[in-house]
Amino acid sequence: MGIREKLAQSAARRFACVTVPIVGEVRLQSLTAREMQLIRQRFQSPDGTPVKSELDRIRQYLVAASVVDDSGATAYTLDDVSAGKLDDIDGGVLDALTDAIKHHTGWGADATWSAVGDAVKN
C-alpha cells in the first residue's frame, strides 16, 4: 500500500471520551485538515491581518469544532463562537478541555503560529 492510500485511510473520524473537571465526560472528534483551516481563517481578515477579537477565542473555536454528542453532532457551531455563546464557560474547564482537544486533534495554532504571534505583538 502506497503513502497516498495510507493517508486516505486516515480520513476516518476518530473519537475520544475525556474527563473534564466539573463537567465530567466529554466526547471529542478529530478534525480534518480542512476543518482546522476553516477555524484558522476566522482569525484573519481578507487582507491577511489578524482579527484579534476572533483570535482571542481560539479555545472556544476548538470546543465548537471538537465537542460532539453520541451521534457525532457538534454541540456548537463556529458562528456560535463568533456570537459569544461560549464566552461564559468556566476558564478552568475551558483550559482543561482545550488541552484535551489539542492532544486529540493535533491542533497547533498557538503562539508559535505566525498569525497568533503577530496579533500578540499588536
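The values are calculated or read from the model by the stated rules, or taken from the named source; none is laboratory data. Predicted model only: the values in this text are computed from it and were never measured. So basically every Cβ, Gly included, is an ideal-geometry build from the backbone, and we count neighbours across all protein chains shown.
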TODO: Filter region 11-23 for residues that are surrounded by 10 or more Cβ atoms within 10 Å (Cβ to Cβ) and either in contact with a helix residue (DSSP H, G or I) (Cβ under 8 Å, 6 or more places away or on another chain) or not in a strand (DSSP E or B) (or both) and give the result.
DONE: Arg13, Arg14, Ala16, Val18, Val20, Pro21, Val23
- [ ] Answer yes if at least one residue in region 81-93 is among the hydroxyl-bearing types (Ser, Thr, Tyr), part of a loop (DSSP other than H, G, I, E, B) and under 15 Å from the mean Cα position of the chain (by Cα), and no otherwise.
- [x] no
Task: Residues of region 43-72 that turn out to be surrounded by 16 or more Cβ atoms within 10 Å (Cβ to Cβ) and closer than 24 Å to Val18 by Cβ, as a count - done: 12
- [ ] Would you be able to say whether some residue in region 31-40 is small (Gly, Ala, Ser), outside any helix (DSSP H, G or I) and either within 13 Å of the chain's Cα centre (by Cα) or loosely packed, with under 11 Cβ neighbours inside 10 Å (or both)?
- [x] no
TODO: Name, by its number, the condition in (1) assigned to a helix (DSSP H, G or I); (2) under 17 Å from Arg14 (Cα atoms) that does not hold for Glu54.
DONE: (2)
Open item on the list: Restricting to region 24-83, count the residues that are under 17 Å from Gly108 (Cβ atoms) and free of Cβ contacts under 8 Å to residues at least 24 places away in the same chain.
Closed with: 6
Task: Scan of region 57-74 for residues that are among the aliphatic types (A, V, I, L, M) and either at pLDDT 95 or above or assigned to a strand (DSSP E or B) (or both), ordered by number - done: Leu62, Val63, Ala64, Ala65, Val67, Val68, Ala73
Open item on the list: For region 73-97, give me each residue that is touching a strand residue (DSSP E or B) at 6+ places or on another chain (Cβ under 8 Å), surrounded by fewer than 19 Cβ atoms within 10 Å (Cβ to Cβ) and not β-branched (Val, Ile, Thr).
Closed with: Ala75, Tyr76, Ala96
